[in-house]
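Each value in this text was obtained by applying a stated rule to the coordinates, not by laboratory testing. Just so it is clear, the structure is predicted and the values come from calculations on it, not from any experiment. Cβ placement follows ideal geometry from the backbone for every residue including glycine, while neighbour counts extend to all protein chains displayed.
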Amino acid sequence: MTVSSVGVLLAATLLAASLQTVAEEDAPYPAAAMQRSFEAKKQAGMDRLTQDEVQALCTRYTTATLPPAEAERVQKQSLSSVKPPADGQYLGDFKRGEKIAQTGTGLQSSDDPTKPNGGNCYACHQLAASELAYGTLGPSLQHYGKLRGQTPAALEAAWRKLYNSQADVPCSNMPRFGHQKILDEQQLKDLMALLFDPNSPVNQ
Amino acid sequence: MNTRFAARLLYTMLASGTLLLAGAVRADTSTQDAIAEYREMFGDDNPAELWQARGEALWHEARGPQKANLEACDLGLGPGVIAGAYAQLPRWFADTGQVQDLETRLVTCVTSLQGIPRDDFLKVKFGDGEKKSELEALTAYVVAASRGKPLTLPLKHPAEQAAFDLGKAVFRYRAGPHDFACATCHGEPGKRIRLQELPQLNTALGAREAYTHWPAYRISQGELRSMEWRLQDCFRQQRLPQLKFGSEVAIGLTMYLAKTAEGGVLAAPGIKR
Amino acid sequence: MSDPMRIRAVANGDKVEVKILMSHVMETGQRKDADGAVVPAHYIVKVVGTCNGREVLSADWGPSVSKNPYLSFRFKGGAKGDKVKITWTDTAGEQRSDEVSVG
């Protein structure tokens, strides 16, 4: 057998393998059909359809159905991605935090990519008592800091949740704001202040 | 203009023009009440009728290179039958060898019967003010002819079952920077985003509530919106790229929703906030 | 080219109830498009209703009325078979009239 025919044989095997993968994915997990059915629009590129490991697992399972071994792996892996603030300071400005929590734009094809992304916290959570237009997909965060106090453990837990929610609850519905670079470090600190600052509207 | 009429006119204008602004800052119950009040004021009237009327005229008008109308268009119940046609869509069509929803089937009729090029017909898929969509008008006309009919999707053809399976899988597909899937917002009962109540679309109850009222006139946009628009805009909010019109995912999700809503009685075009 | 109005006029005792749906963009002139350019004002400024030629409604409208306006009113002195005619005029000077028989 010559070297080139090995190459051809190898290519044919790879092709067969990839066809089989596509067929398998198509049945329960439709990655190939997704690729065929979308087109890039402005900053929403086709790469966004490709799942990372957590997304793939959490498509197949929910928090309740995820096998314990997988859950542990997701949690461990997610935890290792969490970067604490470089200067060790967790709390920024709660007023800026409130604005980030109110802002629902960012990363949609229709959004201005030169503007900072929002956190859109009120879409899912109750925060300040004065804001009645809050969603209920996530738990109420009213009096978050008042109930917990600014202990190192409470600050670290909240930072972890904001940075990569999968480190706390595998297959959580909450976006991984730090890990996915939706919000930058300063924005995360401002949200932390919204949650913990005694003068924040959340704690009134 | 007498005083009583003036008061009534003012009421009508207030309700139709500024109601949503007022509703947005109130608590959720009063917003729901205000939208219910708005619907009640219209009674049987719905601005979607303006689209229906335009669609009816388009249906009967001889147009395109073939100078033909659409009266021979087969939407699954035989040529020219529109009563009840929307209640059994999407479905597999032998002539195209594809599962088609109402919108893609209308494209087939317009291109094959009238000879109008697909791209010309689809130049305005979704209307915006002065830019009006012929597709949306025809859609509204056909949909209205299924009012009161129960959704019936037997999925007899394997391609119909495959479309359903694909839609079901896509519903849970998490992707993009925010890790969102359809199921993130529409997978649990009794939830809402801000004040907007979210139907649980993987249950018969929730799917019926939503599907039987689409397409719908969106008060906040002043436009009739089709199911293809609804799906495309959901994916925009999921931060994913743009869903292609008539793509297998668009048809699959529509099939999944329609089948899940099976038995629900169509009341579309509806009125939405 | 404007689309026809949808008009319903129903006699009820000595009153006629008229319901109208108009197809109009009702651009306020305050809105900007995706490119940041102001969308020029284009809205209905005048609505006139007649019954067999007799004026039964005259209304001055402005930019605060919603897109695709819905209007309902009642008037006295109409009967079945009468012709109710509605005419609107907009800021572009365009005019549209549609007529219906009272049912």
Around A:Ala167 (Cβ within 13 Å, Cβ-to-Cβ, excluding A:Ala167; K/R +1, D/E -1) the net charge comes to +3
The pairs in B:Lys132/B:Lys272; B:Lys168/C:Lys67; B:Lys149/C:Lys19 lying past 29 Å Cα-Cα in this model are B:Lys168/C:Lys67
Per-residue average of other protein chain Cβ atoms inside 10 Å, peptide C:55-67 -> 4
Averaged over the residues of A:40-51, the number of partner chain Cβ atoms within 10 Å of each residue's own Cβ comes to 4
For B:Gln98, the residues 5 or more places away or on another chain with a placed amide H closer than 5 Å to its own amide H are B:Phe93
Env charge @ B:Lys259, Cβ radius under 14 Å, K,R +1 / D,E -1, value 0
Packing-ranked peptide list from B:69-75, A:193-199, B:255-261, highest mean Cβ count within 10 angstrom first, is B:255-261, A:193-199, B:69-75
Expected integer from the mean partner chain Cβ neighbour count at 10 Å over B:49-57 is 3
In order over the range B:219-227: 3J(HN,Hα) from phi, Karplus 6.51/-1.76/1.60, θ = phi - 60°, whole Hz, x for each Gly or Pro, gives 4, 5, 10, x, 9, 7, 10, 8, 5
Between the alpha carbon centres of the range B:82-100 and the range B:209-269 the gap in Å comes to 17 Å
Counting only residues 5 or more apart in sequence or on a different chain, those whose built amide H sits under 5 Å from that of B:Gly264 are B:Leu151
Reduced to Cα centres, the span from the range A:146-166 to the range C:55-90 in Å works out to 61 Å
